[in-house]
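Single-structure report; data block below.
Nothing in this text is a laboratory measurement; each read-out follows from the coordinates by a stated rule. From a predicted model like this one, the values you see are computed outputs, not experimental measurements. Cβ sites come from the backbone with ideal geometry, for glycine too, and all protein chains shown count toward neighbours.
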Amino acid sequence: MSKSKLKDTIIYNRTTHPERTNATFERIEEVFFNVLGDNIKKEMKALQTQLGISSPRALLTEKQAERIVSFVDNQGFDPNVIDALIDQLHASEISTAEAIDIHKQYKIPVSHLEQDIVPVKGHGCWIMDTKGNWYLDMDSNYSATNLGMSNEEIAQGLYNQAKTLISMKEDRVQIARTRFLKEISSMMPEGLHYFYWQNSGGEAVDKAIKIAKAYTKSKDVISFKQGFHGRTHGAVAVTWEEDYKKPFSLDNEDWVHFANFNDIKSVKRLVKKTGAKIIILELVQGEEAGNRAADPAFVNDLWQFAKENNIVIIDDEVQAGFGRTALKKGDWFACMSYDVVPDIMTIGKSFGGGYPVTAVVTTKQISDAMKPGYDGSTFGGNPMAMTAALIANRQMKEKDITGNVVARAQELREGLENLKNKYPIIEEITGRGLMIAFSVGSKENVEKLVEQLHKQGVKTSLSTGKYIRFLPPTIISKGEVTEFLKRLDASLQHV
Ligand SMILES: Cc1ncc(COP(=O)(O)O)c(C=O)c1O
């Protein structure tokens, strides 16, 4: 056994792992139970007494760590057992129960606390939890970690950047952003080459609305029913679901009007009534609509109508962008697969390979409506974010993400169609590319299926109503799609 390796997972090394703390006895005990089962219960009790531990969540001392190492040494464990102990302790020095308790104690409950698994590390499309169980990730952290839950190159780039220049305000010239700008242009829709960087999708939507208002010198915005645009004040105001807005008195904004999705007549009616000059939409409605793609005819009509009436279209690609909804190789954004170019686009999620970076992208003409002093951001487009974005975007091109999405989406679709024939509970399959969903009749059935999939080692995405949604990392392989379909089949047998 490598004694120093085990000790390093118990007593943190300030030089190599400044992000850690010392381990607790509660975590040591949990890891032993995870790896060896209850057989070791008596020995652990004796060890705790021997170490004089009365608070299992207190940080262990150097001396206690040495005694734990000797204890492991004396047990004569198989080397695989010791490796598993080290692996799990390395992933977390804090117990699952403590992590959950601390979250419950300190979190403002703006959302449900997900505690079914506590993820500690990821590799490609797989996530490991504190118990050492691996799950197939069909969510990508709300579609953000499309290159996988960890990334060596981004880690190295961020390390280098943090060592040299960790932050720089949005308004100052810097080298990391220059590097990024020299590489990104080829991915953007034609003419959209002016950027305003932000840190979250909601912020990007907020700023896109401000830019559109400044350009059109108007305040009314048409949004769509079942659309979702984020949780900031402006973004949630243009989001459909009332529950997200009512508590904040944002459900009755006089500048926001909701049209029916895929219904050009309803858009025309609202424009006539309000004189609105701004439209915001998702080309593939996600969270609130169960991954519903716009009809190509509707998109054509909408663009034509907007052109004729000098209406600015904001295409929210925060979730659908960076290849997720590609229909052919090179469709980096959903608008490309519809063969249209929006006036303003919001991008995020995949942008930094999981590192937070988002942006508003627009044309020169529209960007000229913004004047110095109209807006500002301390962290927008900071060197760390730009470094992550540069590396992530380079990798997306090198890994041919759009090509992969096209191939995997076809396999996934075919597999789901087969399962639909086998299980009548599957009603409708929706989505585009690797933004896919199906309905199972009721919210209760979705909950049952999510639970069964969890048992089968699959993490689903946030589901809405009767739709269960899947947003796998866009790097997912053919084998992993097959594995997913196999586990889904096994899960459906119990619903
Ligand atoms: C289409 C769309 N826009 C905006 C957002 C908000 O992004 P964020 O959660 O990064 O603020 C989301 C998040 O899911 C989204 O799907």
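For this structure, a couple of remarks:
- Per DSSP, loop trypsin sites (Lys or Arg not before Pro) in the range 101-150 with at most 11 further Cβ within 10 Å: K107
- Beta bridge orientation in the chain: antiparallel %, DSSP, nearest 5: 65
- Summing charges over neighbours of M44, with a neighbour being any other residue whose Cβ is under 11 Å away from its Cβ, gives -2 when K and R count +1 and D and E count -1.
- Close amide-amide hydrogen proximity is noted between V221 and V256, H257, each under 5 Å apart and 5 or more residues distant or on a separate chain (H modeled in the peptide plane; Pro and chain starts excluded).
- Rounded if a/c under 1.5, otherwise prolate or oblate - the range 316-413, Cα gyration tensor axes: oblate
- For the chain, the extents of the C-alpha atoms along the principal axes are 81, 58, 45 Å, listed from largest to smallest.
- The aspartates and glutamates whose alpha-carbon is closer than 14 Å to the alpha-carbon of K371, local same-chain residues fewer than 8 away aside, are D171.
- For the pair N22 and K307, the difference between a 0.36 nm per residue extended length and the Cα-Cα distance amounts to 96.5 nm.
- Computed from backbone phi, the HN-Hα couplings of the range 230-236 come to x, 10, 5, 3, x, 5, 6 Hz, rounded to whole numbers (Karplus: 6.51 cos²θ - 1.76 cosθ + 1.60, θ = phi - 60°; Gly and Pro given as x).
- Put simply, the amide H of Y194, placed in the peptide plane, has neighbours under 5 Å in T362, leaving out anything fewer than 5 places away on its chain.
- As a length-normalised measure over Cα pairs under 8 Å and 6 or more apart, the relative contact order of the range 152-398 settles at 32 percent.
- In this Cβ point-charge picture (+1 for Lys and Arg, -1 for Asp and Glu), the chain has a dipole of about 820 debye about its Cα centre.
- Among the listed pairs K121/K448; K422/K478; K210/K328; K107/K422; K225/K422, those whose Cα-Cα separation exceeds 31 Å are K210/K328; K107/K422; K225/K422.
- Assigned charges on the beta-carbon of Lys, Arg, Asp, Glu; the range 152-398 dipole about Cα centre (debye): 540
- When shorter helices are ignored and each DSSP H run of at least 4 residues is given -39500 (n - 2.57), the per-residue value for the chain at 222 nm works out to -13500 deg cm²/dmol.
- Radius ratio Rg over Rh of the range 51-157, counting only Cα atoms, Kirkwood formula for Rh: 1.03
- Couplings 3J(HN,Hα) of the range 263-275, computed from phi: 9, 5, 4, 5, 5, 4, 4, 5, 5, 4, 6, 10, x Hz, in residue order, whole Hz [Karplus 6.51 cos²θ - 1.76 cosθ + 1.60, θ = phi - 60°; x for Gly and Pro].
- With K and R counted +1 and D and E -1, the other residues having a Cβ less than 15 Å from that of W255 yield a net charge of +2.
- Mean Cα-pair separation over length for the chain, i.e. relative contact order, pairs under 8 Å, 6 or more apart, %: 17
- Candidate cross-link partners of K42 among the aspartates and glutamates, defined by an alpha-carbon separation under 16 Å and a same-chain spacing of 8 or more, comprise E26, E29, E30.
- Normalising the average separation of contacting C-alpha pairs (under 8 angstrom, six or more residues apart) by the number of residues puts the relative contact order of the range 347-396 at 53 percent.
- Bridge orientation summary for the range 152-398: considering DSSP beta bridges with both residues in this region, about 45 percent are antiparallel.
- Taking the centroid of alpha carbons for each part, the range 245-309 and the range 123-164 are 35 Å apart.
- Under a 5 Å amide H cut-off, with hydrogens placed 1.01 Å from N, V312 pairs with I278, I279 among residues at least 5 apart or on other chains.
- Rounded if a/c under 1.5, otherwise prolate or oblate - the range 3-106, Cα gyration tensor axes: rounded
- Peptides 74-87, 317-330, 393-406 ordered by packing proxy, namely the average of other Cβ atoms within 10 Å per residue, highest first: 317-330, 393-406, 74-87.
- Anisotropy class assigned to the range 239-377 is rounded, per the alpha carbon gyration tensor with a/c under the 1.5 cut-off.
- Straight Cα distances below 17 angstrom link K349 to the lysines K207, K397, with same-chain residues fewer than 8 positions distant left out.
- The residue list S54, F32, S70 was ranked by how far each Cα lies along the charge dipole of the range 3-106 toward its positive end, using unit charges on Cβ atoms, and S54 comes out on top.
- Once the Cα-Cα distance is subtracted from the 0.36 nm per residue extended length, the N74 to K219 segment shows a gain of 44.9 nm.
- For the range 15-32, 3J(HN,Hα) computed residue by residue from phi via the Karplus equation (6.51, -1.76, 1.60; θ = phi - 60°) reads 7, 8, 9, x, 7, 9, 10, 5, 6, 10, 5, 4, 6, 4, 4, 4, 5, 4 Hz, glycine and proline entered as x.
- Sorting the segments 230-237, 271-278 by their residues' average number of neighbouring beta-carbon atoms within 10 angstrom, most packed first, yields 230-237, 271-278.
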